[in-house]
Amino acid sequence: MASNYRWRGNIVRTEAEVDPLTRMLAIVARIDNRKLKATSQTPLAIGQYVSAEIIGIEMKNVFVIPRTLVRNESVWVVDDQKVLRKRNVEILRYENENTFIGKGFEMGDRLLKTRLSSLVDGLKVTYDLE
């Protein structure tokens with residue numbers, strides 16, 4: 001008969017590599033077993049596999065854009081006046097093919113997705129919306 005236990009801990013690190021067969025990454029958590037001695041709950045053994053729920057922080061006003069559109073912490077946009085602008089952006093993180101952007105976009109900006117032969121900040125442009 002299986003028993004259900006719950007432990008509370010903190011993620012302290014991840015292992016250095018992804019398992020090539022399962023594509024999973026091992027996460028190492030620190031759980032204070034000393035607190036469990038006063039209860040009848042079984043301590044978690046080192047190396048024991050568990051199912052885990054990881055609670056993170058909620059982030060608001062984050063833009064997710066393709067990683068290929070970011071160069072040197074900046075992106076190219078067409079502003080609300082139809083002028084090409086280079087915007088410095090706050091990179092929160094890269095994840096696979098995506099970049100999570102915190103700050104840097106202005107109201108009315110449209111992200112430039114098409115590669116142009118020459119990018120000139122301040123150039124007046126015309127475009128069709130997709």
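The values are calculated or read from the model by the stated rules, or taken from the named source; none is laboratory data. In this text, all values refer to a predicted model and were calculated from it rather than measured experimentally. Cβ placement follows ideal geometry from the backbone for every residue including glycine, while neighbour counts extend to all protein chains displayed.
Determine if the range 114-123 includes at least one residue that is assigned to a strand (DSSP E or B) and of a type outside the set (A, V, I, L, M, F, W, C).
no
Here are Val64, Val78: which of them is within 14 Å of the chain's Cα centre (by Cα), among the β-branched types (Val, Ile, Thr) and over 23 Å from Arg8 (Cβ atoms)?
Val64
In the set Arg87, Arg110, Arg71, which member is at pLDDT 95 or above and of a type outside the set (Val, Ile, Thr)?
Just one listed residue meets the conditions, Arg87.
For every residue, the table says whether it meets (1) surrounded by fewer than 15 Cβ atoms within 10 Å (Cβ to Cβ); (2) under 25 Å from Thr14 (Cα atoms).
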position	(1), (2)
Gly56	yes, yes
Met59	yes, yes
Thr68	yes, no
Lys86	no, no
Glu97	yes, yes
Leu111	no, no
Ser117	yes, no
